[in-house]
């Protein structure tokens, strides 16, 4: 997961025995695993704001750009969810700034709730303003090329997710009177422009779901052709201001604010970029339920919680190319009673799986996973024929023939976070075997004349409530006359013995090392290794 979210807890327990109220904020794409005991959530879903329009026209200088519409604003309570289900979360990006164009924002999604990206502002004689969560403001030039604002709440939701953009004001006789409309906001329409005055962006709407009142989804202000005319201001809730002598102001990140429109007296200036969206959910969870993190996170320790039990799994490495070494499993670290401080924000980082090796490079190492003072190191990449050494890591990558196996438990932790990779073997022409990647429980196997090395076994944990094996090593690759190495316990990173079959990829959120690539003898074609499995962090709270 490349997404970022923040996990906050209220400073009180609920009436439910042992329960706490959790407030979880996502500022990038991610996955939320519904904890045991949770049946419904309250939510706020804000889409990305549209960009403000460039000032200017298809004819060159002149005109003002319309303000970008705010991203759709949707909020509610009691949305049904199912414990144990993974919910994909999409956080919409703001429309990019540019000249002469403008771009609408992207949608944000949680479960069945979709908020629509804000509409782009209009560029006279080039682009009409777009509909969206809130509509973009109309651009302005002469009367024939001045635009009306676009509709908001498109597609329609109940309650409404936004409002219309404002109209531009055109003038054939006095250039300074040319002014663009403001983008719509979630709480108000974008204002129409008047002579020499750009329309203000529509105001946004406040929400206290995060624990404090914050206003989101303000529209962008309309630009004007030139000074001394007055550009529109951005709406409350992150809307960017328009400009009378340059580019519009960007909407504020993670508010869904629309970007401000640019001015266009002497050239085509940029409109401001739209602000990115945000998703926030709030729910009550029993303190005994594990919290599972599959994307990078900030967790604020709640009042009354003094320690946590933890499992921190790094990502597995990528498998090597052709006679490739199996990759090491991600570092495995677990423990109980780790001290935490109420009110403190703890960054939780989830490692991404290592990339497959190439003809000249070994497999990439997996990314580290981190919670508080605990860092688990990514698994070492498997060696390739052209770069034979396995890499060091949480568990070491296996070597291709002629190379050195990677060391595990690097850097050293107590207890050990992993084991060494295995060594490769050269038996004859087109007949070589890589070494297996190390696993959390055992080292990777060495290649032999009859078989490539197997991956080291992983280690089981029951912190999630179910026994799951994490961080097995990947099996190594070989030629078609021999057997590829098997992955460690429950792993999917099997080694290949064929030019047409890649080494196996690791499982997502299990820290698997990937399998090494193989070759069909005596053909010189070959296959790459697999991609390592991503990491995971799981905690349970001790009150």
Inset, instruction - Please identify the pairs in which a residue from the range 244-259 that is within 17 Å of residue 66 (Cβ to Cβ) has its Cβ atom under 8 Å from the Cβ atom of a residue that is at pLDDT 95 or above and surrounded by fewer than 24 Cβ atoms within 10 Å (Cβ to Cβ), counting only partners at least 6 apart or on another chain. - result: 244/230
Legend entry - Subset of the range 118-168 [farther than 21 Å from residue 233 by Cα and part of a strand (DSSP E or B)]: 127
Legend entry - strands (runs of 3 or more DSSP E) (entirely within the range 1-114) containing at least 3 residues that are buried (at least 23 other Cβ atoms within 10 Å of the Cβ) and modelled with pLDDT of 95 or more: 40-46
Legend entry - Residue in the range 328-338 that is part of a loop (DSSP other than H, G, I, E, B), under 20 Å from the mean Cα position of the chain (by Cα), buried (at least 21 other Cβ atoms within 10 Å of the Cβ) and at pLDDT 95 or above present: no
Legend entry - Only listed residue being surrounded by fewer than 23 Cβ atoms within 10 Å (Cβ to Cβ), under 20 Å from residue 259 (Cβ atoms) and modelled with pLDDT of 95 or more, chosen from 158, 131, 154: 154
Legend entry - Contacts under 9 angstrom Cβ, first residue in the range 192-215 being on the phi > 0 side of the Ramachandran plot and touching a residue at least 12 places away in the same chain (Cβ under 8 Å), partner outside any strand (DSSP E or B) and surrounded by 18 or more Cβ atoms within 10 Å (Cβ to Cβ), 6 or more apart: 196/171; 196/177; 196/178; 196/225; 196/229
Legend entry - Test result for residue 239, touching a strand residue (DSSP E or B) at 6+ places or on another chain (Cβ under 9 Å), at pLDDT 95 or above and at negative phi: no
Inset, instruction - For the range 266-282, state whether one or more residues are over 30 Å from residue 137 (Cβ atoms) and at pLDDT 85 or above. - result: yes
Legend entry - Residues (more than 29 Å from the chain's Cα centre (by Cα) and not in a loop (DSSP other than H, G, I, E, B)) located in the range 169-206: 169, 175, 176, 177, 179, 194, 197
Inset, instruction - Find all pairs meeting these conditions: Cβ atoms under 8 angstrom apart; at least six residues apart or on different chains; first residue within the range 168-183 and free of Cβ contacts under 8 Å to residues at least 60 places away in the same chain; second residue surrounded by fewer than 18 Cβ atoms within 10 Å (Cβ to Cβ) and part of a loop (DSSP other than H, G, I, E, B). - result: 169/195; 171/195; 174/195; 176/228; 177/195
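How about the range 367-388: which of its residues are touching a strand residue (DSSP E or B) at 6+ places or on another chain (Cβ under 6 Å), assigned to a strand (DSSP E or B) and surrounded by fewer than 24 Cβ atoms within 10 Å (Cβ to Cβ)?
Within the range 367-388, 370, 374 qualify.
The values are calculated or read from the model by the stated rules, or taken from the named source; none is laboratory data. Please read all numbers here as calculations on a predicted model, not as lab measurements. Positions of Cβ are generated from backbone atoms using ideal geometry, with glycine treated the same way; all protein chains shown enter the neighbour counts.
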